Amino acid sequence: MDTRYFSDKVVKWYELNKRDLPWRETIDPYKVWVSEIILQQTRVNQGLPYYLNFIKSFPTVRRLASASEEEVLRLWQGLGYYTRARNLHKCARQVVNDYGGAFPNTYIELKKLAGIGDYTAAAIASFCYREHVAVLDGNVFRVLSRVFGIDDEIKSSKGQKTFKKMAATVLSRKYPDRHNQAVMEFGALHCTPKSPGCLDCIFSADCFANLHDLQASLPVVEKLKTAKKRYFYYFVIQKGKSLAMKKRALKDIWHGLYDFLLIEKPRPTLVKTLVAEVRAQVGLEFYEENMTISSAYKHVLSHQHIYATFIVVHPIGSKWLMNEPIKFYSSRKISSLPKPVLISKFLKDHQLL
């Protein structure tokens, strides 16, 4: 296909088919930035209510910068990939402290901010400041690969160079903002991963993938590794209506969120073995006849499958508290703590909130 006509066609399609989304009604870099961070690894229909809630709670970058990390993580709860939330918070403070509360207005300067890489910097620079820089996300990779027949693996160094060159070649010089939005929207709505709308596509007569029946083969993406299995055994320590919880401090999933006393095993383990271990290691004592054991919960992450069992116990004494960075919280306080979705689901299922 002739690259000269690509931008005009896709922008025209965009004007007729684009979704009505709140971050498209503004060129405020703060709002655009929040939307782009939320939409990383998150579908629009899932991310939209989070975006609206975030902007309502933190209407300005200064308000976000002044919030506690716990407040930010609580609003982020359920979106996953919590590093995004921590970087969002860090970046807000960086903008306030180093840039006087105003986002930089160039791609190069934006990349210096925490959590802002090539894609996000290009999105903000082009959408808000009309800088001539192309965005590259999964939708853009797919559209360019299929239309122009690019078969380089998208994450390889060669592939990155090829796609960057093509994206820059077809980018509209006059309207880089609309062009970038258009290509991403076209990939999201029309040139989808499965069952793309090739029959009524604006590029059907020239698209390499359509002409060679390669829609299922392009773009070329390296296969994901087999997900790791992890077995979590949570001891839910209950005293009256309060539960003992702790903040996850290890550099692992859910860093900074709250969960229960955890024993992790490489394979399924008998509860009696776990009881003996928690008594020996933590000094936690309880009557086994009053212990309740949940059915197994499966929680799927991108590269991990968590199999969790919750063991509810009522402690005898409090000496064990000296051995763990853990304390009791009321149900009201627990409801306001940032927690993994897995923990929230258990609490809801067992009416503990």
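The values are calculated or read from the model by the stated rules, or taken from the named source; none is laboratory data. The model shown is predicted, which means the values in this text are computed figures rather than measured ones. Quick reminder, even Gly has a Cβ in these numbers, built from the backbone with ideal geometry, and neighbours come from all protein chains shown.
Could you go through the range 1-18 and let me know if any residue there is part of a loop (DSSP other than H, G, I, E, B), over 19 Å from the mean Cα position of the chain (by Cα) and at pLDDT below 95. Checked the range 1-18: at least one residue is part of a loop (DSSP other than H, G, I, E, B), over 19 Å from the mean Cα position of the chain (by Cα) and at pLDDT below 95. Cβ-Cβ distances below 6 Å connect the following pairs, each with a first residue in the range 261-276 that is over 14 Å from residue 293 (Cα atoms), a second residue that is part of a helix (DSSP H, G or I), and a separation of six or more residues or different chains: 263/274. Taken together, 55, 27, 37 contain a single residue that is in contact with a helix residue (DSSP H, G or I) (Cβ under 8 Å, 6 or more places away or on another chain), aliphatic (A, V, I, L, M) and either in a loop (DSSP other than H, G, I, E, B) or more than 23 Å from residue 121 (Cα to Cα) (or both), which is 27. Checking each residue in the range 202-218 for being under 10 Å from residue 147 (Cα atoms), in contact (Cβ under 8 Å) with a residue 60 or more places away in the chain and surrounded by fewer than 17 Cβ atoms within 10 Å (Cβ to Cβ) picks out only 206.
I'm trying to understand the selection: among the residues of the range 160-205, which are outside any loop (DSSP other than H, G, I, E, B) and more than 26 Å from residue 35 (Cβ to Cβ)? 161, 162, 165, 169, listed by residue number. Checking the stated criteria, residue 348 turns out to be within 21 Å of residue 253 (Cβ to Cβ) and exposed (fewer than 15 other Cβ atoms within 10 Å of the Cβ). For the range 261-274, give me each residue that is assigned to a loop (DSSP other than H, G, I, E, B) and surrounded by 13 or more Cβ atoms within 10 Å (Cβ to Cβ). Once the filter is applied, which keeps residues that are assigned to a loop (DSSP other than H, G, I, E, B) and surrounded by 13 or more Cβ atoms within 10 Å (Cβ to Cβ), the range 261-274 yields only 269. Scan the range 90-113 and give yes if some residue there is basic (Lys, Arg), assigned to a helix (DSSP H, G or I), under 21 Å from residue 54 (Cβ atoms) and in contact (Cβ under 8 Å) with a residue 24 or more places away in the chain, otherwise no. Within the range 90-113, one or more residues are basic (Lys, Arg), assigned to a helix (DSSP H, G or I), under 21 Å from residue 54 (Cβ atoms) and in contact (Cβ under 8 Å) with a residue 24 or more places away in the chain. Being assigned by TED's automatic domain parsing to the domain that holds residue 44, in contact with a helix residue (DSSP H, G or I) (Cβ under 7 Å, 6 or more places away or on another chain) and in a loop (DSSP other than H, G, I, E, B) is a property that holds for residue 135.
Out of all the residues in the range 317-335, is one or more modelled with pLDDT of 95 or more and over 35 Å from the mean Cα position of the chain (by Cα)? No, every residue in the range 317-335 fails to be modelled with pLDDT of 95 or more and over 35 Å from the mean Cα position of the chain (by Cα).
Restricting the range 80-135 to residues that are hydroxyl-bearing (Ser, Thr, Tyr) and buried (at least 22 other Cβ atoms within 10 Å of the Cβ) leaves a set whose member that is farthest from residue 7 (Cα to Cα) is 120.
Entry remark, the range 223-249: residues being in contact (Cβ under 8 Å) with a residue 24 or more places away in the chain and either at positive phi or assigned to a loop (DSSP other than H, G, I, E, B) (or both) number 5 in total.
Can you pull out every residue in the range 251-260 that is surrounded by 13 or more Cβ atoms within 10 Å (Cβ to Cβ) and free of Cβ contacts under 8 Å to residues at least 40 places away in the same chain? Passing the criteria: none in range.
Go through the residues of the range 143-153 one by one and say whether even a single one is among the hydroxyl-bearing types (Ser, Thr, Tyr), part of a helix (DSSP H, G or I), touching a residue at least 40 places away in the same chain (Cβ under 8 Å) and more than 30 Å from residue 310 (Cα to Cα). Scanning the range 143-153, I find at least one residue that is among the hydroxyl-bearing types (Ser, Thr, Tyr), part of a helix (DSSP H, G or I), touching a residue at least 40 places away in the same chain (Cβ under 8 Å) and more than 30 Å from residue 310 (Cα to Cα), so the answer is yes. Of the residues 19, 63, the single one that is of a type in the set (D, E, K, R) and without any contact (Cβ under 8 Å) to a residue 12 or more places away in the chain is 63.
Here residue 252 passes the criteria (1) modelled with pLDDT of 95 or more; (2) in a loop (DSSP other than H, G, I, E, B); (3) not small (Gly, Ala, Ser) except the one numbered (1).
Considering every residue within the range 296-306, establish whether at least one is farther than 28 Å from residue 70 by Cα, at pLDDT 95 or above and either not assigned by TED's automatic domain parsing to the domain that holds residue 82 or not polar (S, T, N, Q) (or both). The answer is yes, given that some residue of the range 296-306 is farther than 28 Å from residue 70 by Cα, at pLDDT 95 or above and either not assigned by TED's automatic domain parsing to the domain that holds residue 82 or not polar (S, T, N, Q) (or both).
Total residues in the range 323-345 satisfying the condition of being touching a residue at least 24 places away in the same chain (Cβ under 8 Å) and either out of contact with any strand residue (DSSP E or B) (no Cβ under 7 Å at 6 or more places or on another chain) or part of a helix (DSSP H, G or I) (or both): the figure is 9. Contact annotation: residue pairs with Cβ atoms under 6 Å, 6 or more positions apart or on different chains, pairing a residue in the range 156-176 that is assigned by TED's automatic domain parsing to the domain that holds residue 10 with a partner that is small (Gly, Ala, Ser), are 167/134; 168/134; 170/7; 171/134; 172/7; 176/126.
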